[in-house]
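Have a look at the structure below, then the notes.
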Amino acid sequence: MNLHCTELNMKSRLIINPISGTRSKAGLDDQVKEMLAPLGWSVEVVYTQCHGDATRLASDAVGLGYDAVFAAGGDGTINETAAALCGSRTVLGIIPCGSGNGLARHLGIPIDIKEGIKVILENHPMPIDFATVNDRKFFCTFGVGFDAAVSAAFARKKTRGKFTYLQSTFETYANYEPEYYTISANGKMLTKKAFLVAVCNASQYGNNAYIAPHAAIDDGLLDVTIIHAGNLFNTAIVGVDMLTGMIEKNVLIQTFRTPHLVIERENSGVAHLDGEPMEIEKRLDIDCHHHSLNVYTPKHVQPFKPILTPVASMFNDLKIAINNVFSN
């Protein structure tokens with residue numbers, strides 16, 4: 001496949017999750033069509049109605065030979081869409097409309113919808129890795145422990161957005177008990193009582209919370225972050241370090257890179273894939289699949305810098321939020 005193809009009459013399917021995030025999707029379909037029309041894109045618009053719809057709709061597009069599938073939604077919608085495109089010639093376009101937008105942020109795709117569409121206009125497809133845990137695909141992060149418990153609490157809430165996620169975090173933190181995990185990777189085995197174990201293909205959960213600040217999404221490796229059990233104070237400091245990109249310097253943190261690992265715990269229980277909670281087995285076989293998905297990305301992305309990158313992203317988010325208020 002020529003990933004830099006510029007011929008006219010390119011076929012695409014736009015998958016919109018109408019209930020993702022907090023922003024209205026009214027007019028999004030026309031906006032995408034209008035912006036892509038000058039490049040010769042034909043855009044078919046479809047909407048999800050329930051869990052699994054995005055995978056089915058994206059799979060159909062692959063079967064029909066579509067050149068690209070654009071996913072407008074949060075990380076759950078992106079995960080479902082991307083899962084159907086792995087190993088195909090069909091390119092994923094991400095239009096971030098969710099609460100966290102972890103994969104988009106890692107790739108440098110602007111969270112502003114119009115600016116996000118402009119990334120597709122740059123026509124810069126890039127092959128990236130994805131990962132599997134017991135054959136379930138994820139593209140950003142997989143986790144067991146505290147982050148999974150927060151994801152489950154957040155999923156039970158009736159409202160979305162950053163405030164609701166923070167509320168879920170504090171509520172879960174008040175009563176959370178660390179667990180024991182046995183981790184096998186790179187020919188070594190360790191058993192630890194941990195606050196959480198995160199396996200990262202990308203650098204952050206979303207909302208600029210950097211769980212693996214220096215993760216690369218195209219290196220064939222997964223970044224594993226173990227947060228060891230600590231007291232109330234130093235565990236809370238980890239959260240601050242995560243928001244500044246300084247988490248790897250925290251004394252509770254252990255990190256390593258590997259293409260494959262196994263995590264075992266005493267019982268099956270909740271985990272999360274790209275922020276979506278699920279019940280999963282007690283033995284977890286996790287693999288990285290190198291350069292198996294093509295995604296439209298910006299041609300130029302600033303390298304990550306602790307403190308500076310998170311602060312710049314925070315101010316950009318604030319600017320977008322203000323613009324959205326005055327544009328409605």
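The values are calculated or read from the model by the stated rules, or taken from the named source; none is laboratory data. Bear in mind that the values here come from a model prediction, so they are computed numbers and not experimental data. Cβ sites come from the backbone with ideal geometry, for glycine too, and all protein chains shown count toward neighbours.
Restricting to segment 213-257, what's the tally of residues that are in contact with an Asp or Glu (Cβ under 9 Å, 6 or more places away or on another chain), of a type in the set (S, T, N, Q) and part of a strand (DSSP E or B)?
Residues that pass the stated criteria total 2.
Would you kindly identify the helices (runs of 4 or more DSSP H) lying entirely within segment 79-188 that contain at least 2 residues that are outside the structural domain of VAL270 (by TED's automatic domain parsing) and farther than 19 Å from CYS200 by Cβ?
Filter on segment 79-188 gives 113-121.
If you take the residues in segment 114-141 that are among the acidic types (Asp, Glu) and under 18 Å from the mean Cα position of the chain (by Cα), which one is surrounded by the most Cβ atoms within 10 Å (Cβ to Cβ)?
In the first step, residues of segment 114-141 are kept if they are among the acidic types (Asp, Glu); the result is 115, 122, 129, 135.
Okay, now just the ones that are also under 18 Å from the mean Cα position of the chain (by Cα), so 129, 135.
Working: ASP129: 21, ASP135: 7.
My answer is ASP129.
Please work out which residue is surrounded by the fewest Cβ atoms within 10 Å (Cβ to Cβ), limiting yourself to segment 60-78 and to residues that are part of a helix (DSSP H, G or I) and aliphatic (A, V, I, L, M).
For segment 60-78, the residue satisfying everything is VAL62.
Quick check: is even one residue across segment 269-276 over 19 Å from ILE226 (Cα atoms) and not in a loop (DSSP other than H, G, I, E, B)?
Yes: segment 269-276 contains one or more residues that are over 19 Å from ILE226 (Cα atoms) and not in a loop (DSSP other than H, G, I, E, B).
Do we have any residue at all in segment 167-186 that's of a type in the set (Asp, Glu) and closer than 23 Å to HIS260 by Cα?
Yes: segment 167-186 contains one or more residues that are of a type in the set (Asp, Glu) and closer than 23 Å to HIS260 by Cα.
In contact with a His (Cβ under 8 Å, 6 or more places away or on another chain), charged (D, E, K, R) and farther than 18 Å from PHE139 by Cα: is that true of LYS249 in this structure? Write out each step before concluding.
Numbers: in contact with a His (Cβ under 8 Å, 6 or more places away or on another chain): no; charged (D, E, K, R): yes; farther than 18 Å from PHE139 by Cα: yes.
So LYS249 fails the test.
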